[in-house]
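Novice: Starting off with a structure, shown below.
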Amino acid sequence: MALSDSVTTCLSQPVHYAICKLGFEKKDTYDINNILSGNGEVCWQAVTEHVCYLESDQSVDYIKSIRSLGPVCESVNVHFKSLTKEQFIIQYASWLHWTNCTEVFLEVFDVLQYTQTTEVALGLMKLTSCLERALGDVYLLKGNDCPFLLRDLLASKQLAVIFGQAVMNVLRIFIGSPYGLNLRNVLWHGFASPQEIPAKYCAMLLFLTAGLGQLLQTYLLQNKCILLHRPYVIFVSLEELDVFPDLNNETLSIAEELVKLSSFVLKTMLPFWIAALTAFKQSRYADSVILLLPQLEVGLRLLFTTTNKCPNRLLTAESSAFYTTFDEMLAKHLDNNEVNQLPVVLEEPAMEFLWDFLNHQEGPRVRDRLSHGEINLEAFPREVANQIVAFAITLLCRFSDENMFSLKEHTVIKPLMNCASCYQSRFHPISRLKKQVLECMKSIHLWSGLPTVSEEQVQTIKGLEENAEASTLILMISEITSQLVQYMPQNCCSSDDPINSVLTERLLTELCDTRVCTLYSPRPVLEIVVILRKISTQCHQVSEQVIAGAEH
């Protein structure tokens, strides 16, 4: 991992050229009044004139378009810097309401005034996720299932009908196409360092978002329709996400030291790590996690490329190749069908944590939900941020030099390391089955407190008397449970009363505490788990009906 000092960029040469140089080649000064009307509206025709097309098939020529739009972006950036916050609000705020997160865009304006590179990159990540969510809401005016990928959303006919194809082509030059600047992916996947993202592109996307608001308002008035916003995803059962102890300032101060020394951190990315820890200290929990997730991806990509001996995969892929992202790094096999060596290095608990928090469908899927704008950034829970930051600290410790022993053994760090080393999946289907079984057991235990019918009454009520079918079933259950006894923990089962001894909370809790390897479960296992979960759900339903019926 000595690479962390020597790597100067994670952008491949063509991607670095496109983002850092291409839009600066034309030196002309562009007059902002060409694309801004007297009443402050965006002149879209003047903007779309800068999009160039290939003669062969009339598709967008991204290289020429980026070069042509460079001076326009610079002009917009200078224009925004000339405005006070009040002037910007008066002129643009109403055109940003359609995004349902005007405050985020006003924050981006503030950031552009000071051009701190880390804050510009953070602003751009927040802007693109909010813009994607808002465009998805617009898509639903015309379509049913909103595409999951921004690339597919921007290429959709539905948005082309509402905004016009030329407008969508402008957007795709900046985000959503691997052939363009692809700013959203390059940032969210951790390929760009702070100094590699020109502020003028952030300014241009803020400007274009306001312009989209103007076009949308016209469309809504003409078609007499209302834009509805999908509700945000809310993290429920936060106690299930409680893995690590609460981080205090002492822990965070040690983390700041670790960041500077750990081989898990690329030196060019150091400002992102420091900004993430600072944001957590300032209770800006969404900002902290947005900054940190791409850095976890970079650090893991460094590990992945080292352990699998494919150093070229550290860089951004070209448009025709394959990005190395979390999805591939967490998979069992590489794209050449060889076994991925990253799980061997990270070990099972860390892999299960990553799968739980990023991938499992019933888990929080923090990265997906943040990057696609599904979460209200203002209400992002500290509990979730605490887990991501604490896990990151454990990786900093694990992949650092031996001479950092004193920091690793510090009294506030050791508990984090202990929690990380014994982590078990909570959101894998097997883990969810265990949870269901215990919940079902608790429901059945309530039966003992139900009102009962006296023996005399039982004899007089038709259908309640003992019958042969019931006796046969009880015998069958006894036979099944007696066969299961040999697999049970010792001292938990009675051979005299196998049925009732199996139905004990102590036994089931002990069984469910047994560690089961969930990483890369074979398909037949997962298929059986689906059936068992259905059975468990139905058992629970029957139990609830018995309770309701008895009380009635």
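The values are calculated or read from the model by the stated rules, or taken from the named source; none is laboratory data. All of these numbers come straight from a predicted model, not from anything done at the bench. Note: ideal-geometry Cβ built from the backbone for every residue, glycine included; neighbour counts use all protein chains shown. For the accessible areas, the whole protein counts, side chains as well, though only heavy atoms, and no ligand, DNA or RNA atoms are used. Shrake-Rupley method; radii C 1.70, N 1.55, O 1.52, S 1.80 Å.
Novice: Can you tell me which residues in segment 86-123 are without any contact (Cβ under 8 Å) to a residue 24 or more places away in the chain and open to solvent by less than 20 Å² (accessible area, probe 1.4 Å)? Reasoning before the result, please.
Specialist: First pass over segment 86-123, keeping only residues without any contact (Cβ under 8 Å) to a residue 24 or more places away in the chain: 86-90, 93, 102, 106-107, 114, 116.
Within segment 86-123, F88, A93, L106 qualify.
Novice: Which of the residues spanning segment 353-376 are open to solvent by 30 Å² or more (accessible area, probe 1.4 Å) and among the hydrophobic types (A, V, I, L, M, F, W, C)?
Specialist: Matches in segment 353-376: W355 only.
Novice: Is it true that A203 is touching a residue at least 24 places away in the same chain (Cβ under 8 Å), of a type in the set (G, A, S), in a helix (DSSP H, G or I) and surrounded by fewer than 22 Cβ atoms within 10 Å (Cβ to Cβ)? First the steps, then the outcome.
Specialist: Details: touching a residue at least 24 places away in the same chain (Cβ under 8 Å): yes; of a type in the set (G, A, S): yes; in a helix (DSSP H, G or I): yes; surrounded by fewer than 22 Cβ atoms within 10 Å (Cβ to Cβ): no.
The answer is no for A203.
Novice: Something else: Specify which of the listed residues (E505, E544) is at pLDDT below 85, in the same structural domain as L438 (by the TED database) and out of contact with any Gly (no Cβ under 7 Å at 6 or more places or on another chain).
Specialist: Details: E544 fails: at pLDDT below 85.
Result: E505 is the single residue among E505, E544 that is at pLDDT below 85, in the same structural domain as L438 (by the TED database) and out of contact with any Gly (no Cβ under 7 Å at 6 or more places or on another chain).
Novice: Suppose the filter is open to solvent by 100 Å² or more (accessible area, probe 1.4 Å), basic (K, R) and at pLDDT below 90; does K462 pass it?
Specialist: Numbers: open to solvent by 100 Å² or more (accessible area, probe 1.4 Å): yes; basic (K, R): yes; at pLDDT below 90: yes.
Yes; evaluated as a whole, the condition is true for this residue.
Novice: As an exercise: evaluate T9 against (1) among the β-branched types (V, I, T); (2) more than 21 Å from L181 (Cα to Cα); (3) touching a residue at least 24 places away in the same chain (Cβ under 8 Å) and give the number of the one condition it does not meet.
Specialist: Evaluating T9 over (1) among the β-branched types (V, I, T); (2) more than 21 Å from L181 (Cα to Cα); (3) touching a residue at least 24 places away in the same chain (Cβ under 8 Å) leaves (2) as the failure.
Novice: Among all residue pairs at least 6 apart or on different chains, which show Cβ distances below 6 Å where the first residue, located in segment 20-40, is β-branched (V, I, T) and the second is outside any strand (DSSP E or B)?
Specialist: Note: pairs meeting the criteria are I32/S75; I32/H79; I35/C43; I35/A46; I35/V47.
Novice: Suppose we keep only residues that are among the hydroxyl-bearing types (S, T, Y) and modelled with pLDDT of 90 or more within segment 46-61. Which one would you say is surrounded by the fewest Cβ atoms within 10 Å (Cβ to Cβ)?
Specialist: Checked segment 46-61; the qualifying residue surrounded by the fewest Cβ atoms within 10 Å (Cβ to Cβ) is S59.
Novice: Let me ask something else. Name the residue, out of D287, D246, that is touching a residue at least 40 places away in the same chain (Cβ under 8 Å) and open to solvent by 50 Å² or more (accessible area, probe 1.4 Å).
Specialist: Details: D287 fails: open to solvent by 50 Å² or more (accessible area, probe 1.4 Å).
Of D287, D246, the one residue that is touching a residue at least 40 places away in the same chain (Cβ under 8 Å) and open to solvent by 50 Å² or more (accessible area, probe 1.4 Å) is D246.
Novice: Look through segment 424-450, keep the residues that are closer than 16 Å to F353 by Cα and of a type in the set (K, R), and return whichever of them is surrounded by the fewest Cβ atoms within 10 Å (Cβ to Cβ).
Specialist: Filtering segment 424-450 for residues closer than 16 Å to F353 by Cα gives 424-432.
Narrowing further to those that are of a type in the set (K, R): 426, 432.
On the way: R426: 22, R432: 19.
Here the answer is R432.
Novice: Determine the pairs where a residue that is part of a helix (DSSP H, G or I), located within segment 502-521, has a partner that is surrounded by 15 or more Cβ atoms within 10 Å (Cβ to Cβ) and basic (K, R) with Cβ atoms under 6 Å apart, the partner being 6 or more residues away or on another chain.
Specialist: C512/K434
Novice: Another question, then. Being open to solvent by 50 Å² or more (accessible area, probe 1.4 Å), outside the structural domain of S371 (by the TED database), of a type in the set (D, E, K, R) and within 20 Å of L183 (Cα to Cα) is true for just one of K81, K64, K126. Which residue is that?
Specialist: Numbers: K81 fails: within 20 Å of L183 (Cα to Cα); K126 fails: open to solvent by 50 Å² or more (accessible area, probe 1.4 Å).
Matching residue, one of K81, K64, K126: K64.
Novice: Take the residues in segment 206-235 that are over 30 Å from L358 (Cβ atoms) and among the β-branched types (V, I, T), then tell me which one is least open to solvent (accessible area, probe 1.4 Å).
Specialist: T218
Novice: Could you please find all residues in segment 155-198 being touching a residue at least 40 places away in the same chain (Cβ under 8 Å), surrounded by fewer than 18 Cβ atoms within 10 Å (Cβ to Cβ) and more than 23 Å from L122 (Cα to Cα)?
Specialist: G164, A166
Novice: Which residues, counting only those in segment 526-539, are farther than 12 Å from L433 by Cα and surrounded by 15 or more Cβ atoms within 10 Å (Cβ to Cβ)? Can you show your working first?
Specialist: To start, the set of residues in segment 526-539 that are farther than 12 Å from L433 by Cα comprises 527, 538-539.
Within segment 526-539, just C539 meets the criteria.
Novice: What are the pairs, 6+ residues apart or on separate chains, where a residue within segment 538-550 that is closer than 14 Å to M441 by Cβ has its Cβ under 6 Å from a residue that is among the aliphatic types (A, V, I, L, M)?
Specialist: Within 6 Å, the pairs are S543/I444; I547/L446.
Novice: Okay, moving on. Mind checking which residues of segment 468-483 are open to solvent by 70 Å² or more (accessible area, probe 1.4 Å) and at pLDDT below 80? Reasoning before the result, please.
Specialist: Step one: filter segment 468-483 for residues open to solvent by 70 Å² or more (accessible area, probe 1.4 Å), giving 468-469, 472-477, 479-480, 483.
Across segment 468-483, the qualifying residue is only A468.
Novice: Has segment 134-152 got any residue that is under 24 Å from E49 (Cβ atoms), basic (K, R) and not assigned by the TED database to the domain that holds E374?
Specialist: Checking segment 134-152: not a single residue is under 24 Å from E49 (Cβ atoms), basic (K, R) and not assigned by the TED database to the domain that holds E374.
Novice: Quick check on segment 193-204. Is at least one of its residues closer than 30 Å to P381 by Cβ and either outside the structural domain of D137 (by the TED database) or aromatic (F, W, Y) (or both)?
Specialist: No, segment 193-204 contains no residue that is closer than 30 Å to P381 by Cβ and either outside the structural domain of D137 (by the TED database) or aromatic (F, W, Y) (or both).
Novice: Also, I was wondering about something else. Given A379, A350, which one is among the small types (G, A, S) and exposed (fewer than 14 other Cβ atoms within 10 Å of the Cβ)?
Specialist: Values: A350 fails: exposed (fewer than 14 other Cβ atoms within 10 Å of the Cβ).
Among A379, A350, only A379 is among the small types (G, A, S) and exposed (fewer than 14 other Cβ atoms within 10 Å of the Cβ).
Novice: Let me ask something else about it. Scan segment 384-423 residue by residue and report those that are open to solvent by 70 Å² or more (accessible area, probe 1.4 Å) and within 30 Å of L526 (Cα to Cα).
Specialist: Within segment 384-423, the first condition is being open to solvent by 70 Å² or more (accessible area, probe 1.4 Å), and the residues that meet it are 398, 401-403, 405-406, 409, 411, 414, 418, 421-422.
N418, S421, C422, listed by residue number.
Novice: Let me ask something else about it. Of all residues in segment 8-45, which are among the aliphatic types (A, V, I, L, M) and either open to solvent by less than 20 Å² (accessible area, probe 1.4 Å) or touching a strand residue (DSSP E or B) at 6+ places or on another chain (Cβ under 7 Å) (or both)?
Specialist: As a first pass, look at segment 8-45 and keep what is among the aliphatic types (A, V, I, L, M): 11, 15, 18-19, 22, 32, 35-36, 42.
Hits for segment 8-45 are L11, A18, I19, L22, I35, L36, V42.
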